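Below: one structure in structure tokens.
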Amino acid sequence: MTLFPPPMRRLALFGAVAMVAAAQQPAVLDTMVRELNRNFSALQEKAKPAPYFIGYEVTDLEQRSITASFGALADNSGSHSRLLDVSVRVGSPKLDNYHVENGDRGSFTSGRGVAVDDTPRALEMRLWGETDRVYRAAVDRLIRLQSNQQVKVAAEDQSDDFSTETPVVHASSPVKFHCDQAGWTGRLRPLSARFAKYPEVLTSTVGVSCRAETHYLATTEGTRLVHGRGYARVVIQAHARAEDGSDLSIDRYFDSGDESGLPGDDAIARAIDRAAADLVALLHAPETEPYTGPAILGGQAAGVFFHEIFGHRVEGERQKDESEGQTFAKSLGKSVLPEFLSVVFDPTRHRFGETELNGWYDYDSEGVPAQKVGVVERGILKGFLLSRSPIREFPHSNGHGRREPGREVYSRQSNLIVEADRTVPDAQLRRMLIDEIKKRGKPYGLFFREVQGGFTNTQRTSLQAFRVMPILVDRVYADGRPDELVRGANIVGTPLASFAGIAAAGDKPEVFNGYCGAASGWLPVSAISPALLVSEIEVEKKPQSKDRPPLLPAPVFHEVAK
Amino acid sequence: MRTWLLTAALAAIGTLAAQPQPAPLDPVLNAMRDEAMRSLDLALPGADKPYFVEYHVDDGETVRIQASYGGLVSRSRSPFRAYTVHVREGSYQFDTSNFLSRGSGVAGFNLTGFPLDPAYDAVRRYLWLSTDQAYKAAVDRLAQKRASMNRATASETLDDFAHATPLVEIAAPRRLQIDEDAWAERVRSLSGVASQYPEIQSSTITFWASAGAFYLVNTEGTEVRTPDSEAALRVWMVAQAPDGMRLRDGITFHAPDPAGLPSEAEMRLRIAAMAENAVGFTKAPKGVEYSGPVLFEGVAGAQILAEVLGHNFTLLRQPVVDQGVNFFAFGNELAGRRGSRILPEWMDAIDDPTATSWHGQTLAGSYPIDREGVAAKPVQLVEKGVLKDYLRTRQVIHGYSNSNGRAQLSNGMLGHTASISNLFVTASQTVPLAELRRKLMEICKERDKAYGIVVRRMDYPSVGTVEEATKLVQSGIGGGALPVSLPVGIFKLYADGHEEQVRGLMFRGLNAKSLKDIVAAGDDSAPFSFAYSAGLFALLDANSPSHPATVVAPSLLVDDLDLKPVEGDLPKLPLTPSPAVARR
């Protein structure tokens, strides 16, 4: 990690990090700090109630997206923006304007655009305007909270609203943005034309997107922080419609922290052909039947499974929110998984084997350093993912307070890693499945090779259910027949029931890189898991579509790029 | 089938005779034509085939730059291509249009990936799937419309779709010519004007320029590729008076291309003038009730005509509505008034999209062919004060079953709403501005009024928020018609010639009828270009569909208008002084 600017490196190595803030922090941080102090002092003097904390975050985002379809360029757009998030706290750390009440924790920040060059006046005016607006909204909410506190029954979890943390002073170099436009447009056109060979494919795209994010943070506690990272992704998508009207899609991704880590044309071409072949196979596959019985979740499928049914439920802030199901709030110290399984969230980890991970970062959105968190140890629930909003028994953040610009911070997942301390080779896992099928007299079991992220409903008012959407599912027969692909299955169920039935784990963990959308916006995450043998999985049919395939035949492709 | 073939052949012959057309080599047009014609064979069991299919494509390149207080906020340049598919089932007499449905159950295909390249195959593929889903939805809609009509008795049966002569007109697309770096620097520099006025709390400039083409192909034989381009620079600012009353003001310069915008020096002057007015606002006293003559000076004359007269030249048609759907539109004041006098008899109004400049100044509302493929021609709307005609599209309305080429504004499921293009409001008798001011004072003296009111700017199109506009409507609705936008540059003119700026007044009951009380017009006609939309106050914040238009009009002296103070709580002032003030 380079420290900025180079001459300061020696001093920084000797720990005199404070020097960086004083003399040579980036101009934008200078302006932020000046305006922060000016607004804070003025409000201390004139405002009643005065804020006890103000924090500014400027997210510098540079991105580009290039997409092609059937040999033609379909999108080439990019932007460079700086987005401002302001946090003002009034009241006290015990009760402030971010206090959660009935699922609502207030929404104040706007993520408004500010100047991307370092023009001080432009940034000052915006900082000032936003601080005033956010301050007023904060006071409004605090007043309402204070009057409600008198009327309503006290919440079970009486934790504070803001934890005490050590301010951080650190400046990395701003992240460099790389995206070879000419190169990618030249490559994506012929690559996307490969789909034209498959008449079953109705629409398809092959695209790349690159992004560089640098975060600048300044708070009245003394945090002065510059950090960031890049993201790059190749996306392959193809769609078809079956005779019975079902819409079928295959999405395949390659993720890296930089465009230099993305695959070459051969690998992308192979992935395109595989995606098309899988889509065609799905088109011809029979529809699933409702099923309850044993199954193997492939590594990626298991990762998504854990992200949805487990990960969201250990987000710290949900534990003290009365409107949430709070499935695990009272399970601390108790067994929540089979004892051979542990679950760790590690945002400090950049790779798993050869694969780069989406969910790593250096500091969270509140300036707390990223930390590895052991949430489940040998089946026992040990902790939660925490932001600076403390929960019972956990008064401090563990660096998982994350947000997208324009949203408020919430405790969110990072890199989820499922670890098994006893494993079997995948071939044996399969034999165990067949044994289980025979034992229970089932005609077949299921093997979930690939899934699409599902969604989870953690709210108290709705069914405590989750749905993970399988893409490639095989029936595994007990009588030695070859595996048979089926389509249209949705895994359903309630979380606690599913966990109890994890019987064994394979020995080859797989990585699922994705984006998770929840309260504080869309965030890059990953989920890593070995294959899992589950004794009871419930599958329902996907809702039927009434629509027919296209009425007229497809127009013929005249030109297919070499 | 045979009928249209004949018509298309005749049309082709017709255009060949007039002007030799090259065979269209445009792959986009070819793909549109081939797929549209084939789509007439779409058929679901038990339903009719479509009787009409039309495709629209808009493509080109856009540059967008935003700056604030001397800092660049964003800058981008990207290509675009968007398309829409229209499928009509039924017949010209009764089809899927003029109907607000609660939605059809048709699930669409995943259609991301419409090409930017001139790729025949890829364009045709996406048109194929879009038409398929549009046809299936049309079959649903027609059934829903029939059911809705059975539930209610119509007061009048009008045809749904007017016939139009097929037109073939292939012109070259416009290429974006722009020195991007120079414009980024210009926009950044102009955004610094606000820095010189510490009373201004926030100010942003947005510049955009796009150029390309509009393509239209339909199964009647119309084939159009027409160049399309637009450039605009928009500035807005916010200021607050000591009691908290907020002023939002904005100015937009429009031209067909960046070269047509005013010079940087002129834009700087006009932005500074707006800033001076804003500063004057913060220092001005609140105005009081007023009833009497008002002089709309300079651009205010055009603004008031644009707002009060503009949309009234369009007749609305009540659609058939599905169960559970509400449709509400404010009535048109000029409906049924054709043949009646609506302006003084020495005034005329002509809408002319074929004009491109006026006295050397660029017009923003020009176009050759509208978005339904109908050639646009000048329309004399008002002659000697008498209303002669309305602006029309291919939607059949009461008393009219032909378009006059005014379909520029999209209205979603209801097709296009007719709108003005370049509206010339002329007076055959005019006087110099000084004389208008003298006349104003004369009327005031006769009525024992200490001062008259001069309005120099209206907030039109409004840069207020949707919330503020709603409050304004609620406080103004008593007048029987919609309120007009706020006068933001408003002055008391005293007998001795001195002026005092005031603030916080709104017009009450200013509507189309009030224009009959125009007493005199100035000799200072000038073009006012703006983003025309059908929304209230042409509110920019509402993000309604809009298009550039121009009104050429003089200063106007109007008698018998009422102004009253704006009501409501005033927002608080910021507790912290502005950085601009703190640094002085």
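The values are calculated or read from the model by the stated rules, or taken from the named source; none is laboratory data. As the structure is a computational prediction, the values presented were derived from the model and not from experiment. Cβ sites come from the backbone with ideal geometry, for glycine too, and all protein chains shown count toward neighbours. Note: accessible area is taken over every heavy atom of the protein model, side chains too, but ligands, DNA and RNA are not part of it. Shrake-Rupley method; radii C 1.70, N 1.55, O 1.52, S 1.80 Å.
Buried by at least 20 Å² relative to the chain on its own: which residues of the range A:51-74 qualify, computing accessible area with a 1.4 Å probe on protein heavy atoms?
In the range A:51-74, residues shielded by partner chains: A:S69, A:F70, A:A72, A:L73, A:A74.
Summing Lys, Arg as +1 and Asp, Glu as -1, what charge do residues with Cβ under 12 Å from the Cβ of B:V279 carry, B:V279 excluded?
-1
Another question about this same structure. Using a 1.4 angstrom probe on protein heavy atoms only, which residues from the range B:100-140 are buried by at least 50 Å² of accessible area when all chains are present rather than their own chain alone?
Hits at the 50 Å² cut-off: B:F109, B:N110, B:L116, B:D117, B:D121, B:R125, B:W128, B:K136.
Per residue, how many Å² of accessible area does chain A show with a 1.4 Å probe? Can you show the working numbers first?
On the way: 22490 Å² over 562 residues.
Per-residue value: 40 Å².
I need the Kirkwood Rh of the range B:144-210: take the reciprocal of the average 1/r across all distinct C-alpha pairs and report it in angstrom. Walk me through the numbers on the way to the answer.
On the way: mean 1/r = 0.0530 Å⁻¹.
After inverting the mean inverse Cα-Cα distance, the result is 18.9 Å.
Share of antiparallel DSSP beta bridges in the protein assembly as shown, in percent to the nearest 5?
Numbers: 230 of 255 bridges.
Just about 90 percent of them are antiparallel.
How well do other chains shield peptide A:196-207, expressed as the mean number of their Cβ atoms within 10 Å of each residue Cβ?
On the way: counts 3, 0, 0, 0, 0, 1, 8, 10, 4, 3, 1, 2.
That works out to 3 on average.
Same structure, new question: Using a 7 Å offset from Cα along Cα-Cβ at B:Q429, what residues in the range B:330-368 end up with backbone N under 19 Å from the label point?
The answer is B:341-349.
Another question, if that's okay. Quote the total accessible area buried by chains B and A together, excluding ligands, DNA and RNA, probe 1.4 Å, nearest 100 Å².
Working: alone 26220 and 24830 Å², together 46360 Å².
Buried surface at the B/A interface: approximately 4700 Å².
Relative to the isolated chain, which residues of the range B:539-584 have their accessible area cut by 40 Å² or more in the presence of all protein chains (1.4 Å probe, heavy atoms, no ligands or nucleic acids)?
For the range B:539-584, once contacts with the other chains are taken into account, B:P574, B:L575, B:T576, B:P579, B:R583 lose 40 Å² or more.
Still on this structure, I have one more. Over all distinct Cα pairs, what is the inverse of the mean 1/r for the range B:301-376, reported as the Kirkwood hydrodynamic radius in Å?
Numbers: mean 1/r = 0.0631 Å⁻¹.
When all Cα pairs of the range B:301-376 are included, the Kirkwood radius is 15.9 Å.
Round to the nearest 10 and give me the degree value, 0 to 90, for the angle of helix B:2-18's Cα axis relative to the longest principal axis of chain B.
60 degrees
Let me ask something else about it. Return the calculated 222 nm mean residue ellipticity for chain B, to the nearest 500 deg cm²/dmol, obtained by summing -39500 (n - 2.57) across DSSP H runs with n ≥ 4 and dividing by the residue count. If you can, show how the numbers build up before the last one.
Values: 9 runs with 133 residues, N = 584.
Rounded to the nearest 500, it is -7500 deg cm²/dmol.
In the calculated pair distance distribution of the range A:85-204, what percentage of Cα-Cα distances lie above 22 Å? Walk me through the numbers on the way to the answer.
Working: 4498 of 7140 pairs.
Here the long-distance tail beyond 22 Å is 63 percent of all Cα pairs in the range A:85-204.
Mean separation of Cα pairs under 8 Å and 6+ residues apart, divided by the residue count of chain A: what relative contact order is that in percent?
Details: 1344 pairs, mean separation 87.3, N = 562.
Contact order relative to length: 16 percent.
At 1.4 Å probe size, with no ligands or nucleic acids counted, give the accessible surface of A:W184 in Å², nearest ten.
10 Å²
Return one number: the angle in degrees, 0 to 90 and rounded to the nearest 10, between the long axis of the Cα atoms of helix B:299-308 and the longest principal axis of the Cα atoms of chain B.
50 degrees
Against the longest alpha carbon principal axis of chain A, how many degrees, from 0 to 90 and to the nearest 10, is the axis of helix A:265-284 turned?
60 degrees
Okay, moving on. Counting other Cβ atoms within 10 Å, which GluC sites (Glu not before Pro) in the range A:336-397 have at most 10 and lie in a DSSP loop? Don't jump to the answer; show the numbers that get you there.
Values: sites: A:E339, A:E354, A:E356, A:E366, A:E377, A:E393; in loops: A:E339, A:E354, A:E366, A:E393.
Within the range A:336-397, the qualifying GluC sites (Glu not before Pro) (loop, at most 10 other Cβ atoms within 10 Å) are A:E354.
At 1.567 mPa s and 4 °C, plugging the Kirkwood radius over alpha-carbon pairs of the protein assembly as shown into Stokes-Einstein gives what diffusion coefficient in µm²/s?
The diffusion coefficient I find is 39 µm²/s.
In addition: If you take the charge dipole of the range A:309-460 about its Cα centre, with +1 on Lys and Arg Cβ and -1 on Asp and Glu Cβ, which of A:I380, A:Y410, A:H396 is farthest toward its positive end?
A:I380
Still on this structure, I have one more. Calculate, for B:H498 and A:Q149, the FRET efficiency according to 1/(1 + (r/R0)^6) with r their C-beta to C-beta distance and R0 56 Å; round to the nearest 0.05.
So, using R0 = 56 Å, E works out to roughly 0.45.
Using alpha carbons only, how many angstrom separate the centre of the range B:290-354 from the centre of the range B:31-78?
31 Å
At a 1.4 Å probe radius, carbon and sulfur cover how many percent of the accessible area of the protein assembly as shown? Present the calculation step by step, with values, prior to reporting the outcome.
Details: 24220 of 46360 Å².
Within the protein assembly as shown, the accessible surface is 52 percent carbon and sulfur.
For the range B:337-470, what D do you get in µm² per second when you plug the Kirkwood radius from alpha-carbon pairs into Stokes-Einstein at 10 °C and 1.306 mPa s?
Values: Rh = 18.0 Å.
For these conditions, the coefficient is 88 µm²/s.
Okay, next question. State the percent of C-alpha pairs, over all pairs in chain A, separated by a distance greater than 36 angstrom.
Details: 66001 of 157641 pairs.
Here the tail beyond 36 Å accounts for 42 percent of pairs.
Quick check for me: using +1 on Lys/Arg Cβ and -1 on Asp/Glu Cβ, what's the dipole size of chain B about its Cα centre, in debye to the nearest 20?
On the way: 58 positive and 66 negative charges, 154 e Å.
Its charge dipole is roughly 740 debye.
Treat every Asp and Glu Cβ in the range B:453-548 as -1 and every Lys and Arg Cβ as +1, leave all other atoms uncharged, and give the resulting dipole magnitude about the Cα centre to the nearest 20 debye. Numbers along the way, then the final one.
Working: 8 positive and 10 negative charges, 58 e Å.
Roughly 280 debye for the range B:453-548.
Between B:H163 and B:Q361, what FRET efficiency comes out of the Förster formula 1/(1 + (r/R0)^6) with R0 = 35 Å and r the beta carbon distance, rounded to 0.05?
Numbers: r = 37 Å, r/R0 = 1.07.
Result of the calculation: an efficiency of 0.40.
Just need the Rg to Rh number for the range A:329-462, please, alpha carbons only, Kirkwood Rh.
On the way: Rg = 18.4 Å, Rh = 17.6 Å.
Checking Rg against Rh, the ratio lands at 1.04.
Still on this structure, I have one more. Apply the Kirkwood formula to chain B: the hydrodynamic radius equals the inverse of the mean of 1/r over all pairs of different alpha-carbon atoms; give it in Å with one decimal. Walk me through the numbers on the way to the answer.
On the way: mean 1/r = 0.0386 Å⁻¹.
Across chain B, the inverse of the average 1/r is 25.9 Å.
Once you have all Cα-Cα distances for the range B:431-535, histogram them in 10 Å bins from zero and send the whole-percent values.
12, 36, 38, 14, 0
Quick one: dipole size for the protein assembly as shown, taken about the Cα centre, charges +1 on Lys/Arg Cβ and -1 on Asp/Glu Cβ, in debye to the nearest 20. Numbers along the way, then the final one.
Values: 125 positive and 139 negative charges, 207 e Å.
Charge dipole of the protein assembly as shown: 1000 debye, to the nearest 20.
If each residue of separation counts as 0.36 nm, what is the full-extension length gain between A:V556 and A:S92 once their alpha-carbon separation is subtracted?
Details: separation 464, 0.36 × 464 = 167.04 nm, distance 6.84 nm.
Extra length from A:V556 to A:S92 when fully extended: 160.2 nm.
Still on this structure, I have one more. Past 31 Å, Cα to Cα: identify those pairs from A:K438/A:K508; B:K445/B:K513; A:K197/A:K442; B:K145/B:K471; B:K283/B:K449, in the order given. Kindly include the intermediate steps, with their values, before the conclusion.
Numbers: A:K438/A:K508 26 Å; B:K445/B:K513 25 Å; A:K197/A:K442 40 Å; B:K145/B:K471 36 Å; B:K283/B:K449 24 Å.
Too far apart for the 31 Å limit: A:K197/A:K442; B:K145/B:K471.
Let me ask something additional. Between B:A152 and B:D448, what length comes free when the chain is fully extended (0.36 nm per residue of separation minus the Cα-Cα distance, one decimal in nm)? Intermediate values should be presented prior to the final figure.
Numbers: separation 296, 0.36 × 296 = 106.56 nm, distance 5.72 nm.
In short, 100.8 nm is gained.
In addition: For chain B, with every protein chain kept in place, what is the accessible area per residue (1.4 Å probe, Å²)?
On the way: 23870 Å² over 584 residues.
Per-residue value: 41 Å².
Kindly state, to the nearest 0.05, the FRET efficiency for B:S104 paired with B:V473, given R0 = 41 Å and r defined as their beta-carbon distance. All intermediate terms of the calculation are to be shown ahead of the outcome.
On the way: r = 33 Å, r/R0 = 0.81.
That pair, B:S104 with B:V473, gives E of 0.80.
How many percent of all Cα-Cα pairs in the range B:328-370 sit more than 13 Å apart? Intermediate results must be reported in sequence, preceding the final value.
Numbers: 642 of 903 pairs.
Beyond 13 Å sits 71 percent of the P(r) for the range B:328-370.
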